[in-house]
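The next block holds one structure in the form of C-alpha cells; read it before the comments.
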Amino acid sequence: GMVMQAIMFIFKSLGLRCVPFLNKVVPHIMLTIRTCGPSNLRESLLKQVATLSGIVREHLRPYVADIFDIVEQFWPSRHLGTIFSLILHIAVGVPDEFKKFVPRLIRLEEQ
C-alpha cells in the first residue's frame, strides 16, 4: 500500500526517467497482485499499474503478457471496473501489443 504509493510518486516525478527501474519494480507488483490476501490491496495495485502504464506507455511492453494473465485471473472478481481501466491504459499506451490480446478478452467476455 504505502510503499507502492511512494514508488508511484517517485515514478510520476521521474516520468520516463523511471524506465530503467521498471524491471526491478514491475515483477514484484505483479507477484503481489497475484498473491496478496486483501482484495483492497489488489484493487489499489491494479490502479497503480494502470497509472504506471499511463506514465511509461510503450516501455511496459515486456509486461503486457503478465498483465493480461492477471486480467484473466481476476476477471470474475469485484475488480472488473479497475481491470477495464487497466485494459484501457494498455490499449492506449501499447496499442500494437494490446491487439495481440484482444482474442483473449473476447473469450473472457463470452464466458
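Worth a mention:
- No other residue among GLY37, GLY1, GLY15 is closer than 21 Å to GLY93 by Cα and of a type outside the set (Ser, Thr, Tyr) apart from GLY15.
- Within segment 1-43, tally of residues that are crowded, with 17+ Cβ neighbours inside 10 Å and of a type outside the set (A, V, I, L, M): 4
- Condition met for ARG17 (touching an Asp or Glu at 6+ places or on another chain (Cβ under 9 Å), over 17 Å from GLU109 (Cβ atoms) and among the basic types (Lys, Arg)): no
- If you check LEU46, LEU80 for being touching a Leu at 6+ places or on another chain (Cβ under 7 Å) and open to solvent by less than 70 Å² (accessible area, probe 1.4 Å), only one passes: LEU46.
- Of all residues in segment 49-64, those satisfying the criterion of being open to solvent by 40 Å² or more (accessible area, probe 1.4 Å) and either more than 17 Å from MET2 (Cα to Cα) or touching a strand residue (DSSP E or B) at 6+ places or on another chain (Cβ under 8 Å) (or both) are ARG57, GLU58, HIS59, ARG61, PRO62.
The values are calculated or read from the model by the stated rules, or taken from the named source; none is laboratory data. Not measured: the values here are computed from a predicted model. Don't worry about glycine lacking a Cβ; one is built from the backbone with ideal geometry, like all the others, and counts go over all protein chains shown. With ligands, DNA and RNA removed, areas are computed over all heavy atoms of the protein, side chains included. Shrake-Rupley method; radii C 1.70, N 1.55, O 1.52, S 1.80 Å.
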